[in-house]
Amino acid sequence: MKRHLLSAADLTRTDAELVLQTAEELRSLADRPIKKLPALRGRTVVNLFFEDSTRTRISFEAAAKRLSADVINFAAKGSSLSKGESLKDTALTLEAMGADAVVVRHHASGAPHRLAHSGWVRSNVINAGDGTHEHPTQALLDAFTMWRHLAPRNSGSLDGCRVAIVGDVLHSRVARSNALLLHTLGAHVTLVAPPTLFPVGIDGWPVETSYDLDAVLPKTDVVMMLRVQRERMSASFFPTAREYSRRYGLDGRRMAGLQDHTIVMHPGPMVRGMEITADVADSDRSVIVEQVTNGVAVRMAVLYLLLGGNEPAGTTNEGDDA
Ligand code: NCD
C-alpha cells in the first residue's frame, strides 16, 4: 500500500482486497465485550477536522482507540487564518506533537494532498473527505458492506455486480471515491442524477450515467442514495425539493420494484423525505446502520495497514492490552 490514503485511486485491487479481508477479521472485535487490540500501542493518531462530521470523526476515533493508539481530536473550524496558512501552521503543530497519522477532513478539495506532499509532516495522511473531491474510507466501508452481502452469491467478489449511485453526484466526494474503488473491484457503476447534478468531465469516470432512475433500479444489486448537499450549492440545481424527490427519491413504490437481493445504502447524514423515505431507510433492505458499524472495522484496517503492517491482522492476541 502507498504511505498515504488520499484517493480511492491510490488503491490497487490487491490493496483494496487486503483492506476488506483485514476489516473482516477486525469486525468480529465489535461483538466482544472487550473491543481492543494492542496493535498501535504508543502511536498517535490525530483527527484534524476543518469541516463538520458526526460519523466519520467518531468512527476514526473509535477505530484508533480499538487499536490502542493515542487519539488527539483537533476541530479546526472557526480559524481566522487563510486556508493555506492555517493548514501549514496546524501541520507544524502536529509534527511538533509527534503525530504518526493525521486523519484530515477539509472543505478545500486537495487539502490532504497538500498536507501529505508539502514536507510539513512526516505522518501518514488519510483523507477523511476533501471538498467535493474524495472520501476514500467511505468508499472502502461501502465496498466492504457490499462485499459482505453480495460476494457470497458472486464467487467471493464484486466482479460484475451492478451498483447504482443516485443523486447529487456533482457535490459528492462519496460518489467519486466509490466510482473509482468499485471499478477497481470489478463492479459496474451507474450514476443516476438530473443533468444539472453531474460534474463536468464525467465522461472520464469509469461509469455509466443515466437520468432515469426507474430504468436503472430493476437491474441493480445495490442502490446507494446520496444526500443533496445544499451547503455546497450556490445556485439552484432543480426546481423544487418535491420535484427532486418525485424523480430521484427512493420511496416504497420504487423499492418494491427492486430485485429480492438488492440492498439499499446511504453514507449519511440522510435527509428523510428528500432522497429517501423513512419506510425505505428503516426497511429490511436498508444496510445503512451496518455501514456505520463496518466503518469502524474498515478504518481500523486502514490505520493498521498504514501504521502497523502489511499482513492481515490476526485477532488472536486480543485481550493483551485489555
Ligand atoms: C458524507 C460526506 O461527508 O462526504 N458523509 C459521510 O462522510 N458519512 C456524505 C454527506 O455529507 O452527504
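Relative to the longest principal Cα axis of the chain, at what angle does helix 13-27 sit, 0 to 90 degrees, rounded to 10? In the chain, helix 13-27 runs at an angle near 80 degrees to the longest axis. If one takes the longest principal axis of the Cα atoms in the chain, at what angle in degrees, from 0 to 90 and to the nearest 10, does the Cα axis of helix 55-66 lie? Helix 55-66 sits at roughly 40 degrees to that axis. Between the Cα long axis of helix 288-303 and the first principal axis of the chain there is an angle of about 30°, rounded to the nearest 10. Comparing mean-square fluctuations of Ser68, Ser234, Ser172 from a GNM of the chain with C-alpha springs under 10 Å, the top value falls on Ser234. For the stretch 169-182, 3J(HN,Hα) computed residue by residue from phi via the Karplus equation (6.51, -1.76, 1.60; θ = phi - 60°) reads 5, 3, 9, 9, 5, 5, 5, 5, 5, 5, 4, 5, 5, 5 Hz, glycine and proline entered as x. Extension gain, Arg122 to Ser210, is 27.4 nm, computed as 0.36 nm per intervening residue step minus the present C-alpha separation. Across the stretch 241-254, coupling constants 3J(HN,Hα) worked out from phi with the 6.51/-1.76/1.60 Karplus curve, θ = phi - 60°, read 4, 5, 5, 4, 4, 4, 8, 10, x, 9, 10, x, 5, 5 Hz, and Gly and Pro carry x.
Amide H contacts for Gly131 (H built 1.01 Å from N in the peptide plane; partners 5 or more residues away or on another chain; cut-off under 5 Å): His106, His107, Ala108, Ser109. Put a dot 7 Å past the Cα of Arg272, heading toward its Cβ, do the same for Met97, and the two dots end up 3.6 nm apart. Largest GNM mean-square fluctuation across Ser236, Ser286, Ser245, computed for the chain with C-alpha springs under 10 Å, falls on Ser236.
Oblate is the label for the stretch 136-287. Its Cα gyration tensor axes, ordered a ≥ b ≥ c, give a/c of at least 1.5 and b/c at or above a/b. Per-residue 3J(HN,Hα) values for the stretch 30-40, derived from phi via the Karplus relation 6.51 cos²θ - 1.76 cosθ + 1.60 with θ = phi - 60°, read 5, 8, 9, x, 10, 9, 9, 10, x, 3, 10 Hz in sequence order (x marks Gly and Pro).
Amide H to amide H distances under 5 Å link Asn73 with Asn47, where only residues 5 or more positions off or on other chains count and H is placed in the peptide plane.
Read the figures in this text as sums done on the coordinates, not as results from a lab. Quantities reported herein were computed from a predicted structural model and do not represent experimental measurements. No Cβ is skipped: glycine too gets one built from the backbone with ideal geometry, and neighbour counts run over all protein chains shown.
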